[in-house]
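Read the figures in this text as sums done on the coordinates, not as results from a lab. Owing to the predicted nature of the structure, the values given are computational and were not obtained by experimental measurement. Glycine gets a Cβ as well: all are built from the backbone with ideal geometry, and neighbour counts include every protein chain shown.
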Amino acid sequence: MHKDIAVKLHNISKIYKLYDKPVDRLKEALHPLKKKYHKDFYALKNINLEIKKGEVLGIVGVNGAGKSTLLKIIAGVLSPTSGRININGKLNAILELGSGLKPEMTGVQNIKLNLQINGIYDDIEKLTQEIIEFADIGEHIYQSVKTYSSGMKARLGFAIATSTDPDILIVDEVLAVGDVLFQRKCYSKIENLFKDGKTVIFVSHSAQSVIEFCSRAVLLYDREIIMNDTPKKVTDFYQKLVFSKDKKKVVEQINKKNISEKQKYINKSTEVNDAFYLPTLKSKPIEYKNYNVDIFDLMIVDENEQQVNVLKTHHMYKYKYRVKFNDEFKYVAFGLKMKTKKGLELTAISTFLDSKKLLSVEKNDIYEIQSDFKCCLVDGYYFMNAGVSTHEENGKTVFLNRIVDAYVFKVEPNPKSIIKGLINQENNFKVTKI
């Protein structure tokens with residue numbers, strides 16, 4: 001295995017034997033002709049994956065896709081039925097809340113035990129104090145772990161796992177637990193691990209978390225890896241799988257050989273062209289069309305109602321699109337999202353928040369949706385989504401149609417601006433000597 005590879009999986013499969021009745025297991029074992037009484041269930045099928053040192057790899061997939069099985073095999077908790085796995089470095093895993101914690105021992109005792117298990121004997125008291133401060137569970141740290149809430153176990157487990165200086169860290173949905181301040185601490189810790197050249201394998205149902213923190217992502221479906229690409233592309237198709245009625249059709253799209261070319265969101269000319277005219281900015285959107293509803297005429301217009309895709313900071317604009325209903329629907333709402341080029345959501349609004357704006361529509365009705373906004377973004381490329389949904393009386397939301405990356409626009413650079421980040425806030429500083 002190359003020295004730059006942290007984890008390599010080659011043709012990994014995991015098969016479980018399923019028996020209709022418990023006695024069938026014994027009958028199979030004792031049968032003189034080795035008659036088969038079981039059915040093979042593939043928890044993973046021929047997984048091939050290389051993870052480089054220093055990568056933050058995101059793994060996404062619908063429930064039952066095989067994510068947990070894959071992580072357990074990488075962590076060494078499960079053995080594959082076939083194939084081989086190579087690990088280059090010290091690995092630590094947080095697979096479940098409080099996994100590895102001894103319930104009868106106190107938090108402090110668990111910390112010291114885990115440090116010793118990981119071969120850390122120097123500065124144990126200093127490291128213990130750092131873990132206690134990170135976990136921040138107060139006096140509970142001196143109580144037995146069996147009295148902890150799930151959130152406390154997650155805090156302590158994450159603090160221990162990230163403080164034992166692993167080369168490879170596996171995090172399975174733990175960051176979804178705890179208050180927002182603790183989640184931010186966890187994200188910051190992962191960022192630091194990434195900067196230090198550590199390898200992180202990150203499993204989450206949150207597309208935004210994968211986009212924000214991962215350098216690459218894979219999509220699991222039916223216990224196979226069906227997509228290995230940038231976090232933006234992978235999470236787009238992951239969300240399409242989640243919301244689509246015809247998942248086989250989505251998988252077929254992903255399996256096309258030219259998928260990487262067909263799903264580019266910005267024409268190559270926009271990367272090198274210094275003159276930004278309307279025809280040069282082209283978006284190739286992904287459409288989530290579940291019902292016979294069409295979205296069209298998407299555009300941003302300026303104060304003179306002229307279509308634009310090059311915006312100026314602190315100017316007012318209007319985003320609008322039209323929807324044609326080819327069937328009758330009740331409780332209809334419209335929405336939009338604005339995202340960065342990497343897919344980070346900047347804003348999302350919907351008429352669903354105002355019950356007075358829910359509509360009952362007739363067949364062949366056409367509506368125009370408009371939303372005014374002030375451009376407060378730094379220079380760069382951004383995308384607008386468009387969507388229409390119904391909201392059933394039981395509270396369930398059903399998407400009729402959504403278009404991801406429906407409209408791309410650029411914010412002009414301001415050579416005089418020194419603003420960093422995403423938001424170009426107006427300078428309203430007041431300095432007063434007191």
**Study point:** Amide hydrogen neighbours beyond the local backbone of Glu55, cut-off 5 Å, H modeled
**Key:** Val200
Exercise for review: Treat the count of other C-beta atoms within 10 Å as a stand-in for reagent exposure and order Ser163, Ser13 from fewest to most.
Suggested key: Ser13, Ser163
Revision key, fill the gap. The long-range amide H neighbours of Leu377, using H built 1.01 Å from N in the peptide plane and a cut-off of under 5 Å, are His314, Asn424
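Counting Lys and Arg as +1 and Asp and Glu as -1, each charge on the Cβ, what is the dipole of the chain about the Cα centre in debye, to the nearest 20? Kindly include the intermediate steps, with their values, before the conclusion.
Working: 67 positive and 53 negative charges, 275 e Å.
Here the chain has a charge dipole of around 1320 debye.
Percentage of Cα-Cα pair distances in region 61-104 greater than 11 Å, rounded to whole percent? Can you show the working numbers first?
Values: 696 of 946 pairs.
Pairs farther apart than 11 Å: 74 percent.
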Exercise for review: Taking amide H positions as placed in the peptide plane 1.01 Å from N, state which residues far from Val310 in sequence (5 or more) or on other chains have amide H under 5 Å from it.
Suggested key: Lys410
Exercise for review: Working from the alpha-carbon coordinates of region 5-252, get Rg over Rh, Rh being the Kirkwood radius.
Suggested key: 1.02
**Study point:** Shape box of the chain [Cα atoms, principal axes, largest first, Å]
**Key:** 78, 78, 48
Point to revise | Integer Hz, Karplus 6.51/-1.76/1.60 couplings in order for region 345-354, x for Gly and Pro | key: 6, 9, 7, 8, 10, 8, 6, 4, 5, 10
Check your understanding: So what is the 222 nm mean residue ellipticity for the chain from helices alone, if each DSSP H run of at least 4 adds -39500 (n - 2.57) and you divide by all residues, rounding to the nearest 500 deg cm²/dmol?
Key -> -7500 deg cm²/dmol
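Which entries in the list Lys67/Lys318; Lys14/Lys342; Lys240/Lys357; Lys112/Lys195; Lys102/Lys248 go over 32 Å, if you measure between the two C-alpha atoms of each?
Details: Lys67/Lys318 42 Å; Lys14/Lys342 34 Å; Lys240/Lys357 27 Å; Lys112/Lys195 26 Å; Lys102/Lys248 44 Å.
Among Lys67/Lys318; Lys14/Lys342; Lys240/Lys357; Lys112/Lys195; Lys102/Lys248, the Cα-Cα distance tops 32 Å for Lys67/Lys318; Lys14/Lys342; Lys102/Lys248.
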Exercise for review: List, in order, the whole-Hz ³J(HN,Hα) value for each residue of region 40-56 obtained from phi through the Karplus relation with A = 6.51, B = -1.76, C = 1.60 and θ = phi - 60°; use x for Gly and Pro.
Suggested key: 7, 10, 8, 7, 8, 10, 6, 7, 10, 7, 10, 10, 7, 4, x, 7, 10
Review point. If you take the charge dipole of the chain about its Cα centre, with +1 on Lys and Arg Cβ and -1 on Asp and Glu Cβ, which of Asn11, Leu358, Ser188 is farthest toward its positive end?
Key: Asn11
Practice item. Could you point to the residue in Ile131, Leu400, Tyr382 farthest towards the positive end of the chain's charge dipole, with +1 and -1 charges on the Cβ of Lys/Arg and Asp/Glu respectively? Key: Leu400
